[in-house]
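The values are calculated or read from the model by the stated rules, or taken from the named source; none is laboratory data. All values reported here derive from a predicted model rather than from experimental measurement. As a convention, Cβ positions derive from the backbone with ideal geometry for all residues, glycine included, and neighbour counts pool all protein chains shown. Accessible surface areas use protein heavy atoms only, side chains included; no ligands, DNA or RNA. Shrake-Rupley method; radii C 1.70, N 1.55, O 1.52, S 1.80 Å.
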Amino acid sequence: MARLGINPARGKVTSYRPARVTVAILVYIPHLEGYFQHKLEILKVALQSAARHTTPPYDLLVFDNGSCAAVVDYLRAQRDAGLIQYLLLSSQNIGKIGALKIIFNAAPGEIVAYSDDDILYYPGWLEAHLALLEGFPSAGTVSGAPVRNAARHAMQSLDKLAAQPPPGLTIRRERRIPNEWEADWALSTGRDPQEHLDATRQDADSVLHFGALEAIGGADHFQFACFKQVILQALPNEWSGKLMGHMIELDEALDGLGFLRLSTPQRYTRHLGNSLSPAVAQELRALGFSLEGEAATPQRRKKHWSLYLPGSRRVLRGIYNRLFNILHQLD
């Protein structure tokens with residue numbers, strides 16, 4: 001059959017130019033039951049807070065890692081409404097590190113502000129990230145959620161810098177991150193807040209000053225900003241196939257290249273987890289968010305008696321993981 005006409009786009013030029021910053025969010029919600037029953041509501045909070053509280057120009061890239069139809073439909077609606085500039089849909093879960101390889105190679109911006117799908121963004125978050133990323137020597141990743149646990153690995157580059165600091169840089173050790181933030185992080189990640197505070201009671205934070213800038217040593221990998229070309233050097237070349245993991249190895253690779261992992265001294269982002277505590281729900285309403293469904297959970301209750309049995313947590317976790325794998329095969 002002969003060709004019909006000429007492609008109407010031939011010879012035309014688009015006025016579009018990508019923003020310097022790509023905000024990238026990785027989504028994985030395979031179903032809306034059990035662990036994931038509130039995750040769609042959490043995702044909506046993440047996207048809405050990013051849209052409301054991001055002032056500098058940016059493009060939003062969302063990579064969906066094999067979510068269920070309801071989540072994909074929601075993301076497509078947000079793309080069609082203009083909230084999402086780039087929507088990448090995977091037919092299956094290719095693993096977190098695999099998704100990061102695609103995200104950071106595909107992001108059009110010079111700087112990528114990455115997060116998981118359960119992050120709350122506060123006003124001014126991106127400006128604070130950019131100030132540290134562009135102002136500190138050897139800055140690799142900058143997180144807006146200071147977490148003491150993030151400084152327990154991949155800190156050799158900071159130690160070397162402390163041994164021979166450049167002019168204008170000072171580093172001191174002090175107890176800087178508030179216990180309240182640490183307890184919030186523990187609760188959102190399924191840890192016992194009091195046990196976490198007890199375990200880190202003697203820990204001190206590395207506080208860095210460079211000119212008028214201040215930062216805390218260490219950055220978590222659920223949310224960070226970085227120069228695209230820097231993180232591409234640290235990502236592995238191989239495809240492991242693992243759905244989780246490799247994130248500490250990513251931190252260590254970045255550290256081995258001589259780049260610092262830093263956090264803002266103020267909490268500009270917050271990890272929400274898979275449900276909202278009453279305190280977080282109240283905060284969101286104060287920020288003007290209307291919560292759909294019942295994403296909030298009751299206050300943390302006492303441990304079930306079975307958790308006091310030696311080895312019970314390991315056994316129950318194994319059963320849970322096995323049941324999750326079986327249910328996941330049904331999707």
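Checking the stated criteria, I103 turns out to be farther than 14 Å from L40 by Cα and either part of a helix (DSSP H, G or I) or open to solvent by 50 Å² or more (accessible area, probe 1.4 Å) (or both). When A113, A99 are screened for being closer than 16 Å to T264 by Cβ and of a type in the set (G, A, S), only A113 passes. Just wondering, is there one or more residues in the stretch 136-147 that are open to solvent by less than 30 Å² (accessible area, probe 1.4 Å), over 27 Å from L272 (Cα atoms) and within 23 Å of the chain's Cα centre (by Cα)? Yes, the conditions are met somewhere in the stretch 136-147.
Scanning the stretch 36-80 for residues that are of a type in the set (S, T, N, Q) and either open to solvent by 20 Å² or more (accessible area, probe 1.4 Å) or more than 17 Å from Y121 (Cβ to Cβ) (or both) gives Q37, Q48, T55, N65, S67, Q78. Go through the residues of the stretch 81-100 one by one and say whether even a single one is hydroxyl-bearing (S, T, Y), crowded, with 23+ Cβ neighbours inside 10 Å and over 22 Å from F224 (Cβ atoms). Checked against the condition, which is being hydroxyl-bearing (S, T, Y), crowded, with 23+ Cβ neighbours inside 10 Å and over 22 Å from F224 (Cβ atoms), the stretch 81-100 yields no hits at all.
Could you check how many residues of the stretch 165-182 are over 18 Å from R261 (Cβ atoms) and touching a helix residue (DSSP H, G or I) at 6+ places or on another chain (Cβ under 7 Å)? Of the residues in that region, 1 qualify. The test for being farther than 21 Å from A234 by Cβ, of a type outside the set (D, E, K, R) and not in a helix (DSSP H, G or I) holds for V62. Filtering E127, E174 for residues that are in contact with a Ser or Thr (Cβ under 7 Å, 6 or more places away or on another chain) and of a type in the set (D, E, K, R) leaves a single hit, E127. Restricting attention to the stretch 193-215 and to residues that are of a type in the set (D, E, K, R) and in contact (Cβ under 8 Å) with a residue 40 or more places away in the chain, the residue that is farthest from G168 (Cα to Cα) turns out to be D203.
Each row is one residue, and each column tells you yes or no for (1) surrounded by fewer than 17 Cβ atoms within 10 Å (Cβ to Cβ); (2) at pLDDT 95 or above; (3) of a type outside the set (A, V, I, L, M).
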site: L284; (1), (2), (3): no, no, no
site: G288; (1), (2), (3): yes, no, yes
site: K303; (1), (2), (3): yes, no, yes
site: L307; (1), (2), (3): yes, no, no
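Within this structure, G124 passes the test of being at positive phi and of a type outside the set (K, R).
For the list (1) among the β-branched types (V, I, T); (2) more than 21 Å from A225 (Cα to Cα); (3) open to solvent by less than 90 Å² (accessible area, probe 1.4 Å), I need the number of the one condition that V27 fails. All conditions are met except number (2).
When the stretch 112-128 is filtered for residues that are out of contact with any helix residue (DSSP H, G or I) (no Cβ under 7 Å at 6 or more places or on another chain) and over 22 Å from E252 (Cβ atoms), the ones remaining, listed by number, are G124, L126, E127, A128.
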